[in-house]
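The values are calculated or read from the model by the stated rules, or taken from the named source; none is laboratory data. Please read these numbers as outputs of a predicted model, since none were measured by experiment. Note that we place each Cβ from the backbone using ideal geometry, even for glycine, and neighbour counts take in every protein chain shown. Just so you know, the surface numbers come from the protein's heavy atoms only, side chains and all, with ligands and any DNA or RNA stripped out. Shrake-Rupley method; radii C 1.70, N 1.55, O 1.52, S 1.80 Å.
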Amino acid sequence: MIEWFTAATWSPYIVGAGIGVLVWITFLLSDQPLGASTAFAKTAGMVETAISREKAESMAYYQKITPTIDWQWIIVIGIVIGGFISAYLSGTFSLLTVPPLFAGAFGTDALLRAGVALLGGILMGLGARWAGGCTSGHGISGTLQLALASWVAVIFFFIGGILVAGMIYGFAFL
């Protein structure tokens with residue numbers, strides 16, 4: 001069984017089942033959906049509060065989404081730590097400024113890569129807030145609850161991902 005933890009890739013069926021069980025346990029213990037994007041909004045609120053407490057407290061968004069460290073914030077930390085542990089145990093951990101796939105398509109300019117990653121992160125964050133949740137919130141927790149909004153969001157996540165990947169790397173079927 002320990003071989004599973006040291007494998008570079010895991011079976012998507014086992015991982016999918018594990019995520020399903022995790023969501024059940026999350027609902028059972030906390031009555032909260034599994035998701036991570038709200039943690040980034042809360043972090044932005046904490047930064048805003050540090051700069052101008054009065055302004056942050058007067059914003060309707062931060063009255064609804066309280067800028068605090070909570071369980072979603074800890075999930076993000078757990079994702080980073082879990083990813084590191086998994087990469088370390090599988091022997092695939094490495095520090096790259098420009099991943100090979102990006103380098104093959106756009107070159108090895110680290111500043112370009114950082115700019116694209118930052119822009120992509122900002123767009124994903126805005127999209128997650130606009131959609132009322134991220135891919136994990138809608139795709140895992142929302143679809144599990146059979147929420148129509150989550151099913152629509154997931155369909156458009158896939159459509160958007162396919163279109164953007166095709167625009168960047170080319171459509172193999174054309």
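Of these, THR97, THR108, THR135, THR92, which one is within 29 Å of ILE25 (Cα to Cα) and not small (Gly, Ala, Ser)?
Result of the check over THR97, THR108, THR135, THR92: THR135.
Please determine, by comparing only the residues of segment 115-174 that are exposed (fewer than 11 other Cβ atoms within 10 Å of the Cβ) and at positive phi, which one is modelled with the highest pLDDT.
The extreme case among them is LEU146.
From the list ILE155, ILE85, ILE159, exactly one residue is in a helix (DSSP H, G or I) and closer than 29 Å to ALA7 by Cα. Which is it?
ILE85
Does segment 66-77 contain any residue that is more than 24 Å from ALA153 (Cα to Cα), within 14 Å of the chain's Cα centre (by Cα) and without any contact (Cβ under 8 Å) to a residue 40 or more places away in the chain?
Looking for residues that are more than 24 Å from ALA153 (Cα to Cα), within 14 Å of the chain's Cα centre (by Cα) and without any contact (Cβ under 8 Å) to a residue 40 or more places away in the chain, one finds at least one in segment 66-77, hence yes.
Residues in segment 36-47: is at least one open to solvent by 50 Å² or more (accessible area, probe 1.4 Å), more than 20 Å from VAL80 (Cβ to Cβ) and in a helix (DSSP H, G or I)?
no
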